[in-house]
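To start, the structure itself, in C-alpha cells.
Computed from the coordinates by the stated procedures, all read-outs in this text should not be read as laboratory data. From a predicted model like this one, the values you see are computed outputs, not experimental measurements. All Cβ positions, even for glycine, are placed from backbone atoms using ideal geometry, and neighbour counts span all protein chains on display.
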Amino acid sequence: MSEHAARVVHVRYFAVLREQAGCTEESVTTRAATPAELYAELAARHGLKLPESLLRVSLNEQFADMQGPLRAGDRVVFIPPVSGG
C-alpha cells in the first residue's frame, strides 16, 4: 500500500469533540498519512473547533505522536484537554 492509498480507520470521539462531530464513533476512509492529517480532514468535515495543538492522540489504545504513521485498521482517539475540579 502506498503512503497515500486510501485506508479505513476507526475513530472515537469524546467530550467536546463528540458534541461537535455529532457522533461517538465512525469508520473513516482516508488518504491521511498521519493522525494530524486525519484530524484536519475530520475538522473540515465535522466543524471540529479545537486546534490540533491542544489534543493528544491514541492509536490502538496507546498514546502516539500526531506526526506518526497512520495504518489501515488503526483505532484512533483524539483526546481533548480535560477540565474539571
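Below, the figures for the structure above:
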{"read-out": "Mean separation of Cα contacts under 8 Å (6+ apart) over length of the chain, as relative contact order %", "value": "37 percent"}
{"read-out": "Label zone at Asp65 (point 7 Å along Cα-to-Cβ), backbone N below 20 Å, region 4-25", "value": "4"}
{"read-out": "Residue with peak Gaussian network fluctuation, the chain [Cα springs, cutoff 10 Å], from Arg56, Arg45, Arg18", "value": "Arg45"}
{"read-out": "The chain - share of DSSP beta bridges that are antiparallel (%, nearest 5)", "value": "75 percent"}
